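Notes follow once the structure below has been shown.
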Amino acid sequence: MSVARLPNSARIRELQDRVLRMQGSGVSRALPVVAPLEPLLVPRTGGAYAVDSPSLAMMLMAAPSQAGEWVAVVGAADFGLAAAAGFGVDLTRTIAVPEPGERWPDVVAGLAEIVSVIMVRPPRVTEHQAARLRTRLRQRDAMLISWGDWPRSEARLGIESSAWDGLGRGHGRITGRRTVVTVRRAGRPVSRIELRLPGPDLRIDTVPEDADARIAEAV
């Protein structure tokens, strides 16, 4: 929606937000998230979120990308862009920097100027690096997803268990994947949700209660 078509109050707020982002004044806003995850987590710009699986990174990237946000992938040469497209990530608005080397924090900081969501697979990250980048994210209205641990992250998402649909006894065609996803946040109980990641129709959705719930250990 363009600013000109917004109601007066919303138009003023949008213009204020744009000025603050240009000035680097620390705007934070909620980003879209796939519907099944909404009760557990609403990611916001200025925050960092850790995941233990590229599938979870793709899941967090998908909704903002579909809403028109630019996204970036840093330091993950084995990140499957074709798979990300299957999750709904728009590759025409995706920037990939597969091998940034030891200067990956500078690459992330630079990308925060132009994209809203940055997925990074850091070789290691110190408290100092995390704090510096957190400030940058807040100033530039961007969100970070770390494929791997991240100090003081807003939430940690993990795949607790996983099973493939469509396979019989050593034969068959894979039609989807069922997972139990955990969401951990400081000071709160662990939340769990059973998701098709993705389902037979390539959509991310909850597993019906009457579905076969046999879930094998995560690979």
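The values are calculated or read from the model by the stated rules, or taken from the named source; none is laboratory data. Just so we're clear, the structure is a prediction, and the values are computed from it rather than from any experiment. Positions of Cβ are backbone-derived with ideal geometry, glycine not excepted, and every protein chain shown enters the neighbour counts. With ligands, DNA and RNA removed, areas are computed over all heavy atoms of the protein, side chains included. Shrake-Rupley method; radii C 1.70, N 1.55, O 1.52, S 1.80 Å.
Taking the stated definitions as given, is residue 116 open to solvent by 40 Å² or more (accessible area, probe 1.4 Å) and either of a type in the set (Ser, Thr, Tyr) or free of Cβ contacts under 8 Å to residues at least 24 places away in the same chain (or both)? No; evaluated as a whole, the condition is false for this residue.
Just checking: which of the helices (runs of 4 or more DSSP H) contained wholly in the stretch 47-155 hold 2 or more residues that are modelled with pLDDT of 95 or more?
Working: elements: 54-66, 81-87, 104-111, 127-140.
By residue number, 54-66, 104-111, 127-140.
If the condition is being in contact with a helix residue (DSSP H, G or I) (Cβ under 7 Å, 6 or more places away or on another chain), of a type in the set (Gly, Ala, Ser) and without any contact (Cβ under 8 Å) to a residue 60 or more places away in the chain, then the stretch 26-69 contributes only 65. Against the condition open to solvent by less than 40 Å² (accessible area, probe 1.4 Å), touching a Pro at 6+ places or on another chain (Cβ under 8 Å), over 23 Å from residue 70 (Cβ atoms) and modelled with pLDDT of 65 or more, how does residue 205 come out, does it pass? Spelling it out, it is not the case that residue 205 is open to solvent by less than 40 Å² (accessible area, probe 1.4 Å), touching a Pro at 6+ places or on another chain (Cβ under 8 Å), over 23 Å from residue 70 (Cβ atoms) and modelled with pLDDT of 65 or more.
Scan the stretch 90-128 for residues that are farther than 20 Å from residue 51 by Cβ and of a type in the set (S, T, N, Q) and the total you get is 1.
Scanning the stretch 19-42 for residues that are part of a helix (DSSP H, G or I), open to solvent by 60 Å² or more (accessible area, probe 1.4 Å) and at pLDDT 65 or above gives a single hit, 35. Among the conditions (1) of a type outside the set (Phe, Trp, Tyr); (2) open to solvent by 10 Å² or more (accessible area, probe 1.4 Å); (3) in contact with a strand residue (DSSP E or B) (Cβ under 8 Å, 6 or more places away or on another chain), the only one that residue 92 does not satisfy is (3).
In this structure, is residue 146 of a type in the set (S, T, N, Q), open to solvent by less than 20 Å² (accessible area, probe 1.4 Å) and touching a Lys or Arg at 6+ places or on another chain (Cβ under 8 Å)? Answer is yes for this residue. The residues of the stretch 58-79 that are over 17 Å from residue 33 (Cα atoms) and either of a type in the set (Val, Ile, Thr) or touching an Asp or Glu at 6+ places or on another chain (Cβ under 9 Å) (or both), listed by number, are 73, 74, 75, 77.
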